[in-house]
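Everything on this sheet refers to the single structure shown next.
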Amino acid sequence: MATTAPTPAHLTRATPSPAVPPARRRPARRAPLATFAWHGLMLLLCVATLYPLLWMARSSVVPEEEIFASPTIVPSGVDLASYPAGWNANPPGFGTFLTNSFLICAGAVAGNLIACTLAAYAFARLRFPLKKVWFAVMLGTVMLPGHVTLIPQYALFSAVGWVGTYLPLIVPKFLATDAFFIFLLVQFMRGIPRELDEAAEIDGAGRWRAFRSVMLPLTVPALATTAVFTFIWTYEDFLGPLIYLSDLNDYPVPLGLRMFVNAMGQSSYGQLFAMSLVSLLPVFVFFLLFQRKLIAGIATTGLKG
């Protein structure tokens, strides 16, 4: 009678079943009431932030006597008479103020983009004596209040005959006087690999060619950030034009808006609010055009060591 051979012990052991990963816990959902309360709070904060702008918009389309009669942002009626009246109120016209602001801003933006980029490239890539010392001196100017240098600058510009022109507002930008933008661009350029510069030098490119063909295209987000902030700060500058400009035909938007407020109490607030809204449009459009580059520049610059 045939007998069955015994099965080895290591074959008779039960094969362990594959481990089943534990089910992931789903994140607890917020209760509908908590979600509603959170969105309600965000909406209230948004309304509180936008209330001055909404109230100004409402005040620009109501009669003069109703502007301060109620704090509501809903107008009782719509009257657009303040817009044409404000546009033609002062002798040069508000269109002249906008044109002057665009000229000053264009010169300031071009100056900062050219001078600050070249200075930042020198600090980030070139080697020269006392480089760290000059960089520290440059950063020290950021903490220097502008009012400290106001009188010496005015005396200098008056001596060369620039007072009464746009030159004091534009020429300093071409001399890399905005240390904030130099620092921003330096931090951005330091994050760009040096191997790209070395590869350009191996291909026969000089410093200028490497800067123009390699560094500039990679620095576009930081350049957009510089352009946007320069435009906004120059467009909103009130003190500089007030000191250096004396002719009404040369006034920019901030000085043009000031002309609607009369120290004798005869102020045209409806026209002032209407032209204030008009003056916000260029800043809003400029920001929208460079929004993606601006956010990318701020985000990536903050990560550079």
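Just the residues that are modelled with pLDDT under 90, surrounded by fewer than 19 Cβ atoms within 10 Å (Cβ to Cβ) and of a type outside the set (A, V, I, L, M, F, W, C), please, taken from the range 200-240.
GLU201, ASP203, GLY204, GLY206, ARG207, ARG209, ARG212, SER213, PRO217
Check whether at least one residue in the range 143-155 is within 22 Å of ILE232 (Cβ to Cβ), assigned to a helix (DSSP H, G or I), touching a residue at least 60 places away in the same chain (Cβ under 8 Å) and not small (Gly, Ala, Ser), and report yes or no.
Yes: the range 143-155 contains one or more residues that are within 22 Å of ILE232 (Cβ to Cβ), assigned to a helix (DSSP H, G or I), touching a residue at least 60 places away in the same chain (Cβ under 8 Å) and not small (Gly, Ala, Ser).
Can you pull out the residues in the range 241-266 that are part of a loop (DSSP other than H, G, I, E, B), among the β-branched types (Val, Ile, Thr) and either modelled with pLDDT of 95 or more or within 14 Å of LEU103 (Cβ to Cβ) (or both)?
If the condition is that a residue be part of a loop (DSSP other than H, G, I, E, B), among the β-branched types (Val, Ile, Thr) and either modelled with pLDDT of 95 or more or within 14 Å of LEU103 (Cβ to Cβ) (or both), then no residue fits.
What helices (runs of 4 or more DSSP H) lie completely within the range 1-102 and have 3 or more residues being at pLDDT below 90 and among the aliphatic types (A, V, I, L, M)?
Helices (runs of 4 or more DSSP H) meeting the threshold: 32-59.
Out of all the residues in the range 241-254, which are surrounded by fewer than 18 Cβ atoms within 10 Å (Cβ to Cβ) and either touching a residue at least 40 places away in the same chain (Cβ under 8 Å) or aromatic (Phe, Trp, Tyr) (or both)?
If the condition is that a residue be surrounded by fewer than 18 Cβ atoms within 10 Å (Cβ to Cβ) and either touching a residue at least 40 places away in the same chain (Cβ under 8 Å) or aromatic (Phe, Trp, Tyr) (or both), then ILE243, SER246, ASP247, LEU248, ASN249 are the ones that fit.
If you check ARG127 against the conditions, is it more than 18 Å from LEU242 (Cβ to Cβ), surrounded by fewer than 18 Cβ atoms within 10 Å (Cβ to Cβ), charged (D, E, K, R) and touching a helix residue (DSSP H, G or I) at 6+ places or on another chain (Cβ under 6 Å)?
no
Which residues, taken from the range 154-171, are buried (at least 18 other Cβ atoms within 10 Å of the Cβ) and either within 26 Å of the chain's Cα centre (by Cα) or basic (Lys, Arg) (or both)?
TYR166, PRO168, LEU169, ILE170
Restricting the search to the range 159-186, which residues are without any contact (Cβ under 8 Å) to a residue 12 or more places away in the chain and either part of a helix (DSSP H, G or I) or in contact with a strand residue (DSSP E or B) (Cβ under 8 Å, 6 or more places away or on another chain) (or both)?
ALA159, LEU167, listed by residue number.
I'd like the residue in the range 203-228 that is closer than 13 Å to CYS116 by Cα and in a helix (DSSP H, G or I) and, out of all such residues, is farthest from the chain's Cα centre (by Cα).
LEU216
The values are calculated or read from the model by the stated rules, or taken from the named source; none is laboratory data. Worth saying up front: this structure is predicted, and the values here are computed from it rather than measured. Quick reminder, even Gly has a Cβ in these numbers, built from the backbone with ideal geometry, and neighbours come from all protein chains shown.
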